[in-house]
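Asker: I am attaching a structure below and will ask some questions about it afterwards.
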C-alpha cells in the first residue's frame, strides 16, 4: 500500500473499508429522543438490542444520576427493524449527522 499515511491520519485503505455496505444490509441509525434512564425504557432498549443482534456504536446518558435522564444510542440496524425498534422502545431513530469541514 503506497498511499497509506497511517501515523499522520487515516489511510486510504481504512476509508475504503468504511464505505463498504454491510453484508447484512444494516445501516447506522442514531436515537437521541424518546429514551430515558427509567427501568422500563432501559430494559426494553437492551432487550431489543439483544434479541435482534444489533451492533451498538455508542450508548450514553446525558446525566446518569437522574432516573429520567435522556439516553442516546447509535445502532447498526436493518431498515425493516426500524418501525419495530421505535414501537417497542419508544425511541425515534434518525440518520446520524454528518460533519463537513469544507
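Asker: What number of residues within the stretch 93-102 satisfy the criterion of being surrounded by fewer than 17 Cβ atoms within 10 Å (Cβ to Cβ) and part of a strand (DSSP E or B)?
Answerer: Quick first cut of the stretch 93-102, residues surrounded by fewer than 17 Cβ atoms within 10 Å (Cβ to Cβ) only: 94-102.
Narrowing further to those that are part of a strand (DSSP E or B): 94.
The qualifying residues number 1.
Asker: Taking the condition of being within 14 Å of residue 27 (Cα to Cα) and over 12 Å from the mean Cα position of the chain (by Cα), how many residues in the stretch 53-77 meet it?
Answerer: Number of matching residues: 1.
Asker: Let me ask you something else. Taking the stretch 31-78 as the search range and keeping residues that are touching a strand residue (DSSP E or B) at 6+ places or on another chain (Cβ under 9 Å) and without any contact (Cβ under 8 Å) to a residue 12 or more places away in the chain, which one is farthest from residue 92 (Cα to Cα)?
Answerer: Ranking the candidates gives 63 first.
Asker: Having 2 or more residues that are surrounded by fewer than 12 Cβ atoms within 10 Å (Cβ to Cβ) and modelled with pLDDT of 90 or more is the bar; report the helices (runs of 4 or more DSSP H) wholly within the stretch 1-92 that clear it.
Answerer: Counting at least 2 such residues, we get 39-51, 82-89.
The values are calculated or read from the model by the stated rules, or taken from the named source; none is laboratory data. It should be emphasised that the depicted structure is a prediction, and the values quoted were computed from it without experimental measurement. No Cβ is skipped: glycine too gets one built from the backbone with ideal geometry, and neighbour counts run over all protein chains shown.
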